[in-house]
Amino acid sequence: MAFAGLAVAGLSGCANGGGAQLPPAAFVSLQEGPGEDYIIGPLDQLTIFVWRNPELGAQVQVRPDGRITTPLITDMPAVGKTPSMLAEDIKLQLSQYIEEPIVSVIVNKFSGTYSQQVRVVGATEKPASLSYRANMTLLDAMIAVGGLSEYAAGNRARLVRFDKQTGKQKEYALRINDLLRKGDTRANVMLMPGDVIIIPESAF
């Protein structure tokens, strides 16, 4: 039911879209981890490493309230920060106890904030909300949701993207049939955090 509501919301936000074309993805990335600008989200699993002070490090999961607890630090806000930002905040707290701490934060398992997730709704095998990955493409997303359903109109699919510069949603045309069933790599496009892919059903 949640996906259906999202699809309706996405379609209503697309009313002003022009169905523009996105450029083809130059490559399909093998990178699995988040990018350098990844924003930590609830339930992400992190490794905190403190150089020369391993007892101050920890493997932690971000709580639903967005905070983490490590040795000497209680209830540190983590959600909404990049790993480097969180490392700086931990460093600042630890500097009360040790001299010039060097802190690293590694994201081991990532969910991402809702604003960074890619949503695929409509005529697909399993509509889903996917954690965004660096260099993620349309092909990556379609593989993750099991491809198109039997009655999908893949070449009438749309991508809804929020434009931070204009503060408005923009709609782009997708050719998912050509990508998955004809192997047309020109139909593969790069995705961005927060993208919504809407796949309609064929009229017959």
Condition first: free of Cβ contacts under 8 Å to residues at least 40 places away in the same chain, open to solvent by 20 Å² or more (accessible area, probe 1.4 Å) and among the hydrophobic types (A, V, I, L, M, F, W, C). Can you find one or more residues in the stretch 91-110 that meet it?
yes
Options L130, L191; residue that is open to solvent by 10 Å² or more (accessible area, probe 1.4 Å) and under 30 Å from I68 (Cβ atoms):
L130
I'd like to check something: does the stretch 123-135 contain any residue that is touching a strand residue (DSSP E or B) at 6+ places or on another chain (Cβ under 8 Å) and at pLDDT 95 or above?
no
Hey, among the residues in the stretch 133-180 that are aromatic (F, W, Y) and not in a loop (DSSP other than H, G, I, E, B), which one's most open to solvent (accessible area, probe 1.4 Å)?
F162
Note on the stretch 57-90: residues assigned to a loop (DSSP other than H, G, I, E, B) and either farther than 14 Å from L43 by Cβ or open to solvent by less than 60 Å² (accessible area, probe 1.4 Å) (or both) are G57, V62, G66, P71, L72, A78, V79, G80, K81, T82
Does A152 satisfy the condition of being within 17 Å of G122 (Cα to Cα), touching a strand residue (DSSP E or B) at 6+ places or on another chain (Cβ under 7 Å) and among the aliphatic types (A, V, I, L, M)?
yes
Among the candidates V118, V103, V160, which residue alone is among the β-branched types (V, I, T) and touching a Cys at 6+ places or on another chain (Cβ under 6 Å)?
V160
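The values are calculated or read from the model by the stated rules, or taken from the named source; none is laboratory data. Just so it is clear, the model here is predicted, and its values are computed rather than measured. Ideal geometry is used to build each Cβ from the backbone, glycine not excepted, and the neighbour counts take in all protein chains shown. Heads up: the accessible areas ignore ligands, DNA and RNA and are worked out on the full protein's heavy atoms, side chains in. Shrake-Rupley method; radii C 1.70, N 1.55, O 1.52, S 1.80 Å.
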